[in-house]
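A short write-up of the structure that comes next.
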Amino acid sequence: MRNKVNEIQIRYREKISISKSPQMNSSENVAKLLYENWDKDTIGLHETFKVLLLNNSNKVKGIYPLSTGGITGTIVDIRLLFAIALKTLSVGIILTHNHPSGQLKASHADIDLTEKIKKAARLFDIRVLDHLIITPNGDYYSFADNGDL
């Protein structure tokens, strides 16, 4: 009797040419891009955690919605975050989540999660460039700009 094991296949294909992709060179540019691509019908309803995936020139490879939660929080599985970053051959990431309340202050949980992700990223030689908190009106808080990264 032979045991059958499923073959694992990994596929990745960019839909647009990376040469046409925007380069992220400031938190303001990042916040604008994220806000433009956020669902305005849900940004004030529940928290969503996303990761902006970048190549070595800080050009955007894509935005991946990692988790959606409730009014005051969402669960982030770091293993899934790095599975996506590694599958897409990203060398830089920018973390982001929204605060439906409009509060721009990073919580202790936000800070702890960012530190945990930074430590894991070092193992994979992936740069964590920033973590932005976006509000329903488009305001943002940048961990990098405020010395919290």
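Where a number appears in this text, it was derived from the coordinates with a stated rule and is not lab data. Since the model is a prediction, treat every value here as computed from it, not as a measurement. All Cβ positions, glycine included, derive from the backbone under ideal geometry; neighbour counts span all protein chains shown.
The table that follows gives values for the structure above.
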| quantity | calculated |
| --- | --- |
| Cα-based helix-to-principal-axis angle, 108-124 vs the chain, degrees rounded to 10 | 40 degrees |
| Two-site FRET efficiency, residue 67 against residue 23, from Cβ-Cβ distance with R₀ of 22 Å, rounded to 0.05 | 0.25 |
| Ranked 118, 4, criterion: other C-beta atoms within 10 Å, fewest first | 4, 118 |
| Taking 123, 33, 53, 104 and counting other C-beta atoms within 10 Å, the order from fewest to most | 123, 104, 33, 53 |
| Residue order, fewest to most beta carbons within 10 Å, for 30, 76, 128, 5 | 5, 76, 128, 30 |
| Integer Hz, Karplus 6.51/-1.76/1.60 couplings in order for region 42-58, x for Gly and Pro | 10, 4, x, 9, 8, 6, 10, 10, 10, 10, 8, 9, 10, 8, 5, 9, 6 |
| Point-charge dipole on Cβ atoms (K/R +1, D/E -1) for region 37-149, about Cα centre, debye to 20 | 460 debye |
| Directionally averaged shadow of region 38-127, computed from the convex hull of its alpha-carbon atoms, nm² | 5.7 nm² |
| For region 82-149, share of DSSP beta bridges that run antiparallel, in % to the nearest 5 | 30 percent |
| 0 to 90° range, to nearest 10: angle between helix 27-36 axis and the chain longest Cα axis | 80 degrees |
| Extreme residue, positive dipole direction of the chain, given options 98, 133, 82 (C-beta unit charges) | 82 |
